[in-house]
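The values are calculated or read from the model by the stated rules, or taken from the named source; none is laboratory data. Keep in mind that this is a model prediction, so the values were computed, not measured. Note that each Cβ is placed from the backbone with ideal geometry, even for glycine, and that neighbours are counted across all protein chains shown. Areas reflect the complete protein model, heavy atoms only, side chains present, ligands, DNA and RNA absent. Shrake-Rupley method; radii C 1.70, N 1.55, O 1.52, S 1.80 Å.
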Amino acid sequence: MENACSRCGRAGVVYVRRYSGERLCRACFLETFERRVYRTITRYDMLREDDTIAVALSGGKDSIALLKVLAKIERRFPRARLVAVTVDEGISGYREEALEYARRVCEELGVEQVLVSFSELYGLTMDEAVRDGYLDELGLGPCTVCGVMRRRAIELGAMKAGATVIATAHTLDDIVQTYLMNLLRGDLNHQPLGLRRESEGVLPRVSPFRLTPQREVILYAVYTGIPMQEVECPYGHLSQRALIRSFLTEFEERFPGSLYAALMAIEGRLISGLQEDRKVGEGGGRCGVCGSPTFREVCRSCELISQIAGIRASRLRRSAAIVGDLMAGARSA
Ligand code: SF4
Ligand code: ZN
């Protein structure tokens, strides 16, 4: 029967999983979705029974879906605790709506929320970074700067909440996009993304959606009543990721299963490379400023934050010199 769910046999197929051939009703879709997240967590040993898990909650549908699924899973582990970390990047007209969704879902689930903002941490909102020419001086696109600063902000918020691990809502699509972007930048030195790696003084980051395609997260959001943000980020279209995303989405549409195959192929190499590195590089490879593991002397976050501080300081010096000249001119007049 065309309209029968291939798991329970009931009528009302809402989703055809093209890469596996399953035809699923709403209830079976939701059940298999949540089960896959649970299996991803156990397969990669992402979480411990007594973890304090900081969920990076932007308020977008992906992060709300993650918080909801983890809240369900967490009920089975009484010693685990869930907190949400929300970052306000300072993008007016865009972030307000999602920040409100994030606040509401925490209230609904009874999850503590820690709020951090770019303006409080860096003295600069994303809008100011774009408007005041910081990005031009750095020669970087808004998403590069935003991504690096947000990563650090989430870490700081998670530490404040006493977290032992950070969970992000990166999907299978996001992870493959990042691998491809790194490759196109000529950077083959990366490590597997979203897998738990313990390193002293650094919070591990895990991505429980790393085997879940983006379109299934969207469907999960639709069927569980998660609100969808209407406004898009005004800076998003400028990103390299937007280009890669549209290519990979179309490719997966035409050849279902490609994203998963790519992930497995890339990580087969990366993970064996990582084990080699561990043998060779004991004790090395840490940022000279914050101690995070990195292949550089100073990690990308610390480098960017110090560059922004440098630009601000040189601008202040310039304005002080102009004021000094004006005053000297006024005195001699
Ligand atoms: Fe930041 Fe880019 Fe995302 Fe906008 S689209 S919030 S600038 S990373
Ligand atoms: Zn650093």
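In the set (1) farther than 24 Å from D50 by Cα; (2) in contact (Cβ under 8 Å) with a residue 40 or more places away in the chain; (3) crowded, with 21+ Cβ neighbours inside 10 Å, the condition left unmet by V206 is number (1).
In region 36-51, of all residues being among the hydroxyl-bearing types (S, T, Y) and surrounded by fewer than 18 Cβ atoms within 10 Å (Cβ to Cβ), the one that is nearest to A102 (Cα to Cα) corresponds to Y38.
Every condition in (1) more than 17 Å from the chain's Cα centre (by Cα); (2) of a type outside the set (D, E, K, R); (3) buried (at least 19 other Cβ atoms within 10 Å of the Cβ); (4) modelled with pLDDT of 95 or more holds for G110 except the one numbered (3).
Screening A153 against (1) more than 16 Å from ligand 2 (Cβ to nearest atom); (2) closer than 28 Å to V83 by Cβ; (3) open to solvent by less than 30 Å² (accessible area, probe 1.4 Å) leaves a single unmet condition, (1). Here T212 qualifies as hydroxyl-bearing (S, T, Y) and part of a loop (DSSP other than H, G, I, E, B).
Within region 310-321, can one find any residue that is of a type outside the set (D, E, K, R), open to solvent by 80 Å² or more (accessible area, probe 1.4 Å) and farther than 22 Å from L121 by Cα? No, there is no match, as no residue in region 310-321 is of a type outside the set (D, E, K, R), open to solvent by 80 Å² or more (accessible area, probe 1.4 Å) and farther than 22 Å from L121 by Cα.
Report, by residue number, each residue of region 53-89 that is acidic (D, E) and closer than 19 Å to L99 by Cβ. D62, D88, E89 - these are the residues of region 53-89 that are acidic (D, E) and closer than 19 Å to L99 by Cβ. Polar (S, T, N, Q) and either within 16 Å of ligand 2 (Cβ to nearest atom) or not assigned by TED's automatic domain parsing to the domain that holds R35 (or both), is that true of S199? Spelling it out, S199 is indeed polar (S, T, N, Q) and either within 16 Å of ligand 2 (Cβ to nearest atom) or not assigned by TED's automatic domain parsing to the domain that holds R35 (or both). Whether a residue is within 15 Å of ligand 1 (Cβ to nearest atom), under 30 Å from V16 (Cα atoms) and in a helix (DSSP H, G or I) was assessed, and R245 passes this test.
Residues are listed down the side, and each one gets a yes or a no for (1) of a type outside the set (G, A, S); (2) within 22 Å of the chain's Cα centre (by Cα); (3) more than 16 Å from ligand 1 (Cβ to nearest atom):
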{"position": "C299", "(1), (2), (3)": "yes, yes, yes"}
{"position": "E303", "(1), (2), (3)": "yes, yes, yes"}
{"position": "I311", "(1), (2), (3)": "yes, no, yes"}
{"position": "S314", "(1), (2), (3)": "no, no, yes"}
{"position": "A321", "(1), (2), (3)": "no, no, yes"}
{"position": "G329", "(1), (2), (3)": "no, no, yes"}
